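These notes concern the structure reproduced below.
Bear in mind that the values in this text are calculations on the coordinates, not laboratory data. Bear in mind the structure is a predicted one, so any value in this text is a computation, not a measurement. Cβ atoms come from the backbone with ideal geometry, glycine included; neighbour counts cover every protein chain shown.
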């Protein structure tokens, strides 16, 4: 049985079959779409949203029952009465042509947000009423305000404060004073809707407005109701009016009405909106939001994902996202119908779907626990569950060339369906090798190829008509397994290509190509990234795409058999690939554990660029985790994907490219990470409340720039690049952070540039700019340099004058000193004579020593040498001068002699050096020389004395030792290669557990710590072993331990970890003869696990070493026994050595870790303490969501940083495995 646990199959309860259908296209029924909700938790000021608009800067403005919110896609900025707003209850928001924000409130009149402050219009300013329902800007730039006591026209130019207000009410012939909405049609007529008096229309250009100039439309004229609440127009010139009983559309000649009687959901209409696709959205009180598409009226409900019935209004932003203002459920964003959740329609949004097939009328859905479902898409008959499939996991669905439907199951074999009934069963009971079916395909000759857990069997379905026999004639079948060409039996996928070549993907054994009854194998040995093959598909060029679980996607070029690999490093969303599919448009689809990836194959072939577009929750694909080979392309080009949360259909027509650049804004500048008063460093604040000409002193040079790029489609995918012109030469890498910090900025003039890209990678053509200046300190200014020059000239002139005076004085002083010096020279002569006498004595001593003695002047000119010099070199001093030169610099064999003489002269100290001299006879002599300066009474160097000692015998001995050390080191390095050859690596472990690592760090060349693994049937054995000592002794122990473990498990078939360690203890004692050698304490600490990969049971035993188990987000420690393997220090004291086996069962996603004490005993850190086990558990906990190989890398990094300049104290090994 294959390891189903790796697919993370959920448990689902029975499917509820009470369904009502709603047709969106001629083939598809009602489906769940993706809505994203923003409410108080995300920062919205209040969850009852009444009105939405977008300004020219890209900001979304929201009017609620609790105040005003501005949204940039990431953060909300909120305003209330505390900030100057006239009322917190906001019915309407309008962004006018000058980008002023008009806010119509209940009880507070109109608030206008202009230049970051509020201006209030209310009844004190002649406004009709303080309770405002609607605000509208006409084609002339006038602002119309509908209130509870008439309506007002506000005439202004660009300055909000310079305005004129005209009011209209019952005094102008209007029967009702309560006006709910205003609209201007394409003929420049103004329409106003009232409560109780219907709708009024009058000419915008006619200054006279009364009963003689307006037209009143009521029920008698075809209007649904005289109680009207909202009004809007569409792109065709129609006027839409929301009433108490539905919607009336006026087409210029008559009213066309929509109410509950002809499909409207709800009665009282709050708002009407037309989107860019000419869809009319109608929001009703206590009803679902309605939409009118191509004359067909439908509605969105909870089952479609909107999650709220009371929708106040709908708004479409410039990127074509639809936003819904809800009563109590906040703001909702609808990103379109790119993905639809098919199975959510049946009340099971998390139904696990493993296989899909779609024909003209039906969709066949194979599930994990709900069997096979048939969805009727034309007649509205709902869903049917196929009976007589008692074990419900459906692994594959295939329709053959005869239009017969074949179903592969996990335990009931291969089934043939006819009229929704099982008519044939191909199972082990009838003689076939397996009833566990994974994949089905058909070759050009009509043969069906069936992939099972016991290999492949092939048959022609035409030979099996009607009722099947009790036992098959197996000669009608052809079988392939590991007995006749396959390397493994667990078949995951089969592909018949256009040349009728058979491709077989096998779990852990790569891809097998069957051609002319011969197999060609592709695996990691010839270029495949991973041997666990899950899916295969062929593209239009005949090349084969291979999906692997853990190695990403591989492209096999069939003409050359070369393989190219695509992984997360190239942009793929995940390397655990469950299916690959090439659609009709040459788009490669890749399903993984973490979402979908799509790549344009033709673009890749023409450019070589590996460009992936990834789909996850933000794109509407909230199924995320795909199931194996659960992909199907229908006749309309829609692609169906099976996930653990249902079946999703992708509509390529709805996958629009976001062609709107992000709206780039600099939101602030901070100084040393803190906000500061701009007015202290500028003379002007611009319209964005930023300093227009920022000038900072040299010591205020640590700046942080805060910015945002408004792109509302998927704000989380907005990327930024920036640079500081004057400091940076290149743009920064693409980052998601919305700030940039620069420290220690030198004085100068700078411009900060920043640009952003949207979710589809579209960058701003022109970056945002912000210029500023850092002034230099006064000592770096031009005036200070000029002052310094003038001062310098003055100082030079003054110096010359003073110098002349001093020279005269110096002349007189020197004359006096000449007389004094004459007397001193006489005394000096007497001292020289004394020194010569002393030198004669020293020369006598030097003549008798065995060391060569040379005397030179302070520059190295040879003066005298003793007899030992002649004995050692074969030269007399005169001969030496002729042969080598008169200066020690030329005569010495040491090429640093000039540097050493200079050093001795400067420091007035002795220096020692070595040279290889050549005697007169040509013999090489190693000489150690000591060069000593001789000082006079004044402390100056007068002479240099060089004493040479023959060290030839010592040097020859050192060379001999060096050669012996080299031989020993080569032997150790060879031992290291042997040790590395037999010890398992991370790559070896990942063949069995793709998400795992081995961290191994030897103290010396060879190590006493080693990993050990062994595979036996479904059991996998793994151990981290720490032998006594390190280096060569430890390595010898490691070899003993390695081969003993292989013999105990593989040769003696001892499988329980505790018994394995007991036997290992005995064998170590016997091997080292420890019963007779009581001083021997050699042995090993060990953590040993047996892992059953089928049922995920782990058996553990430890000698001085624990096991760490990460389960449900918490780390548990399972201790080993407190005695080692080997040695007599416990058994000689009468203590029994009996190792205990611990058993645990792992869940999917659990991980285990074990390590040697060299890791936790390492000294280091700021206080030079042990690394300790708490650091290990902290690292695991902090990084538990990362891949295991990355956790191993972090362990290595932290350990190396902790060790610092300290030496490694012991060998280190750590093993981590995630199930």
What's the Kirkwood radius of segment 464-603 in Å, using all Cα pairs? 15.9 Å
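Counting only DSSP beta bridges with both residues in segment 1060-1219, what percent are antiparallel, rounded to the nearest 5? Walk me through the numbers on the way to the answer.
Values: 25 of 27 bridges.
In segment 1060-1219, approximately 95 percent of DSSP beta bridges are antiparallel ones.
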Rg/Rh for segment 983-1218: what does it come to with C-alpha atoms and Rh from Kirkwood? 0.95
Largest to smallest principal axis extent of the C-alpha atoms in segment 108-148, angstrom: 29, 26, 16
Descending principal axes extents, segment 721-763, alpha-carbon based, whole Å: 39, 15, 12
Translational diffusion coefficient (Stokes-Einstein; Kirkwood radius from C-alpha pairs) of segment 431-532 at 25 °C, 0.890 mPa s, in µm²/s: 173 µm²/s
What Kirkwood hydrodynamic radius, in Å, does the chain give when the mean of 1/r is taken over all pairs of distinct Cα atoms and then inverted? 39.5 Å
Restricting to Cα pairs under 8 Å and 6 or more apart, the percent relative contact order of the chain works out to 5 percent
Determine the gain in length on full extension of the stretch residue 219-residue 279; use 0.36 nm per residue of separation and subtract their C-alpha separation, reporting nm with one decimal. 19.0 nm
Using all Cα-Cα distances in segment 343-654, what percent lands in each 20 angstrom bin from 0 up to the longest? 34, 59, 7
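Roughly how large, in nm² to one decimal, is the mean projection of the convex hull of the alpha-carbon atoms in segment 46-337?
Working: hull surface 58.0 nm².
Dividing the Cα hull surface by four gives the mean projection, 14.5 nm².
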The helix 1188-1203 Cα axis meets the longest alpha-carbon principal axis of the chain at an angle in degrees, between 0 and 90 and rounded to 10, of 40 degrees
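With all pairs of different alpha carbon atoms counted, what Kirkwood hydrodynamic radius in Å does segment 578-633 show?
Details: mean 1/r = 0.0853 Å⁻¹.
Evaluated over segment 578-633, this radius sits at 11.7 Å.
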Where only alpha carbons of segment 87-239 are counted, the Rg and the Dmax (Å): 14.9, 48
Quick one: which of 638-644, 181-187, 740-746, 918-924 comes out on top by average Cβ neighbours within 10 Å, and what's the full order, highest first? 638-644, 181-187, 740-746, 918-924
Could you check the simple spin-label distance between residue 743 and residue 423, using points 7 Å along Cα→Cβ, in nm with one decimal? 7.8 nm
Once both axes come from the Cα atoms, what is the angle between helix 1031-1046 and the longest principal axis of the chain, in degrees from 0 to 90, rounded to 10? 40 degrees
Compute the distribution of all C-alpha to C-alpha distances in segment 446-493, in bins of 10 Å from 0, and list the percent of pairs in each, rounded to whole numbers. 24, 49, 24, 2
Over the Cα atoms of segment 92-181, each weighted equally, I'd like the Debye log10 I(q)/I(0) at q = 0.13 Å⁻¹, rounded to two decimals. -0.36
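Say R0 is 25 Å: what FRET efficiency, to the nearest 0.05, do residue 934 and residue 954 get from their beta-carbon distance?
On the way: r = 28 Å, r/R0 = 1.13.
Plugging the Cβ-Cβ distance into 1/(1 + (r/R0)^6) gives 0.30.
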Using the alpha-carbon atoms, what tilt in degrees (0 to 90, nearest 10) does helix 952-982 show relative to the longest principal axis of the chain? 20 degrees
Cα coordinate range in segment 849-950, projected on the principal axes (Å, largest first): 43, 25, 22
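Would you calculate a helix-derived [θ] at 222 nm for the chain, using -39,500 (n - 2.57) for each DSSP H run of n ≥ 4 and dividing by the full residue count, to the nearest 500? Walk me through the numbers before you get to the answer.
Values: 13 runs with 203 residues, N = 1219.
Rounded to the nearest 500, it is -5500 deg cm²/dmol.
Compute the FRET efficiency between residue 1174 and residue 676 as 1/(1 + (r/R0)^6), taking r as their Cβ-Cβ distance and R0 = 56 Å, and round to the nearest 0.05.
Numbers: r = 42 Å, r/R0 = 0.75.
About 0.85, to the nearest 0.05.
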